[in-house]
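**Q** Pasting a structure here, questions to come.
The values are calculated or read from the model by the stated rules, or taken from the named source; none is laboratory data. Remember, predicted model here, so these are calculated numbers, not experimental data. For neighbour counting, all protein chains shown are included, and Cβ atoms are generated from backbone atoms with ideal geometry for every residue, glycine included. The protein model used for the area step is the full one, side chains on, heavy atoms only, and it has no ligands, DNA or RNA in it. Shrake-Rupley method; radii C 1.70, N 1.55, O 1.52, S 1.80 Å.
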Amino acid sequence: MIELDLTLILMLALVALMAGFFDAIAGGGGLITLPVLFVAGIEPLAAIATNKFQAASATVSATCAFARKGMLDWRRGGPMAVMSFAGGALGALSVSYVPKAVLQACVPLLLILVAAYFAFSPKPDEQTRKAKVSSSLFCLAVAPIIGFYDGIFGPGVGSFFMLACVILLGQHLIQAVCNSKLLNAACNLGALSVFALSGAIIWPLALAMAMAAFAGAQLGARCAVRFGPRLVKPLLVSVCCIMAVKLLLDTGNPLADWLHGLLF
């Protein structure tokens, strides 16, 4: 395992601070931190487990910030969070059994669809619409499925929760941001509980990054509340597009290989 010095820990903590800020608003923080952990020479399993710890810190921090402002509906969101936690834990337990190639091919396309929806829909940020599914159905089906995906793979999970809250539950954008953080925090903690038991977390690095991510998420949540849709919407669209491009450029992505063969 790589030897950690103070300079490396501080640099990775700074990365986690920025990731926590963006993640609180639009998701995608793990897309910043995880590649940096790999570049720093952290072993893959340890990098994933350590990253999940700091990611959970960021989402819990953002959730606390929104809760203090009274922006969370605990009566409806609490059971959904429990199911999201269970999905995240089950996903982490199943990580070695689900073919990653399927996720690598599908997730970039889904992220592009999320970005397109928020970019071109007529002011979804200011309207509360009629829900398409009941809270019970969302709790029993949607929350654990997205949570399961987070435990297995993860990129874009916050954006997927946000879109599900807007389309399926009829929430306006800021309400969806708040609720998506609660559900994201729950599945992060579910997956983290499995990784922690495996002993893969590098605790000195994880704690430093977690504290920085917590601070960044507090700042991001405050910015989301203060500036509202005019900040959240363009940042959400940008983050989704960047995540999609990043995943398509990853080595071995089957969709990228197929497009390369088709064009060349």
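**Q** Determine which member of the set 77, 41, 88 is at positive phi and either open to solvent by 20 Å² or more (accessible area, probe 1.4 Å) or in a helix (DSSP H, G or I) (or both).
**A** 41
**Q** So residue 129 ticks every box in (1) open to solvent by less than 10 Å² (accessible area, probe 1.4 Å); (2) assigned to a loop (DSSP other than H, G, I, E, B) but one. Which box is left unticked?
**A** All conditions are met except number (1).
**Q** Mind checking which residues of segment 1-50 are at pLDDT below 80 and more than 14 Å from the chain's Cα centre (by Cα)?
**A** Selection gives 1, 2, 3, 4, 35, 38, 39, 44, 45.
**Q** State whether one or more residues within segment 138-161 are modelled with pLDDT under 75 and open to solvent by less than 80 Å² (accessible area, probe 1.4 Å).
**A** The answer is yes, given that some residue of segment 138-161 is modelled with pLDDT under 75 and open to solvent by less than 80 Å² (accessible area, probe 1.4 Å).
**Q** Out of all the residues in segment 1-33, which are farther than 18 Å from residue 204 by Cβ, in a helix (DSSP H, G or I) and in contact (Cβ under 8 Å) with a residue 40 or more places away in the chain?
**A** Hits for segment 1-33 are 18, 19, 20, 21, 22, 23, 24, 25, 26, 29, 30, 31.
**Q** Also, quick follow-up: Taking the condition of being in a helix (DSSP H, G or I) and either more than 17 Å from residue 140 (Cα to Cα) or touching an Asp or Glu at 6+ places or on another chain (Cβ under 6 Å) (or both), how many residues in segment 168-209 meet it?
**A** The qualifying residues number 26.
**Q** Same structure again: What about residue 184, is it closer than 11 Å to residue 54 by Cβ and open to solvent by less than 20 Å² (accessible area, probe 1.4 Å)?
**A** When the stated conditions are applied, residue 184 does not pass them.
**Q** For residue 27, state whether it is at positive phi and not polar (S, T, N, Q).
**A** yes
**Q** Using the structure shown, decide if residue 4 is open to solvent by 10 Å² or more (accessible area, probe 1.4 Å) and out of contact with any Leu (no Cβ under 7 Å at 6 or more places or on another chain).
**A** It is false that residue 4 is open to solvent by 10 Å² or more (accessible area, probe 1.4 Å) and out of contact with any Leu (no Cβ under 7 Å at 6 or more places or on another chain).
**Q** Further question on the same structure: Which residues, counting only those in segment 220-246, are more than 19 Å from residue 107 (Cα to Cα), open to solvent by 30 Å² or more (accessible area, probe 1.4 Å), in contact with a helix residue (DSSP H, G or I) (Cβ under 8 Å, 6 or more places away or on another chain) and not hydrophobic (A, V, I, L, M, F, W, C)?
**A** 222, 229, 233
**Q** Failed condition for residue 36, given (1) touching a residue at least 24 places away in the same chain (Cβ under 8 Å); (2) under 21 Å from residue 190 (Cα atoms), with all others met?
**A** (2)
**Q** While we're on this one: If you scan segment 44-69, which residues turn out to be in contact (Cβ under 8 Å) with a residue 40 or more places away in the chain, among the basic types (Lys, Arg) and surrounded by fewer than 15 Cβ atoms within 10 Å (Cβ to Cβ)?
**A** Once the filter is applied, which keeps residues that are in contact (Cβ under 8 Å) with a residue 40 or more places away in the chain, among the basic types (Lys, Arg) and surrounded by fewer than 15 Cβ atoms within 10 Å (Cβ to Cβ), segment 44-69 yields only 69.
**Q** Provide a single number: the residues in segment 70-116 that are touching a residue at least 12 places away in the same chain (Cβ under 8 Å) and closer than 20 Å to residue 131 by Cα.
**A** Residues that pass the stated criteria total 11.
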